[in-house]
Amino acid sequence: RGFIRRLFVEDTPAGNAYKGQAWLFLGVANSDALLYDDEWQIVKENYPDNFRLDYALSREQENKKGGKMYIQDKVEEYADEVFDKLSNGAHIYFCGLKGMMPGIQDMLKGVAESKGLDYDEWLKGLKKSKQWHVEVY
C-alpha cells in the first residue's frame, strides 16, 4: 500500500519521476475482504497507463485447472507479459505470508522451464540485478 501511495497519491520525488507501470496482484479469499480496494480503484482511474490491478479471490474464482485461484495462478495467466517485463528490467515484489512463496516459486520455475530458461540461473540474475524483492512473514 505504501509503495503505491508513494508513487501515485503523495507528492514525492519518486512519484513525480515515475513513468513506468506498477502492477499489483492482490490475493484474498473473498471480494468482501479486499484490502484498500477504494484506494486502488482511485489510483487505477487516475493513472490508467501506470497502474494495473488484478485480484486472486481464492473462494470466488477458479484457476485454469478448476481449483482455487491463488496469486501464482493469477500471475501465471500473464506469465509471458510478466517475464517480458522482468527481462526488460522490471522489479518484482512479494509481500505477505511466507507460505505463499513455495507455490509462486513453483509456478515461476514451470514457466521459466517452458521458456527454455534455467530457473535457478534466471532467479540468480534477478537477484544480482536487484529486481527480486521478498518481504514475507
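The values are calculated or read from the model by the stated rules, or taken from the named source; none is laboratory data. Everything numeric in this text was worked out from a predicted model, so none of it was measured. Here the Cβ positions follow ideal geometry from the backbone for every residue, glycine too, while neighbour counts run over all protein chains shown. Only protein heavy atoms, including side chains, enter the accessible area calculation; ligands, DNA and RNA are left aside. Shrake-Rupley method; radii C 1.70, N 1.55, O 1.52, S 1.80 Å.
Quick notes on this structure:
- Within straight-line cross-link reach of Lys130, lysines at Cα separation under 30 Å, skipping those fewer than 8 residues along the same chain: Lys19, Lys44, Lys74, Lys85, Lys98, Lys109, Lys115
- Loop sites here are trypsin sites (Lys or Arg not before Pro) outside DSSP states H, G, I, E and B with no more than 15 other Cβ atoms within 10 Å. The longest part of the chain free of them is 66-114.
- Listed values [x] 15.4, 44; [y] 13.1, 38; [z] 16.8, 51, entry calculated as Rg and Dmax of the Cα atoms in Å: [x]
- Extension reserve of the Thr12-Asp118 stretch, reckoned as 0.36 nm per residue once the Cα distance is removed: 34.3 nm
- With R₀ set to 25 Å, the beta-carbon distance separating Glu77 from Asn46 gives a calculated FRET efficiency near 0.50.
- Accessible-area composition of the chain, carbon plus sulfur, in percent [1.4 Å probe]: 49
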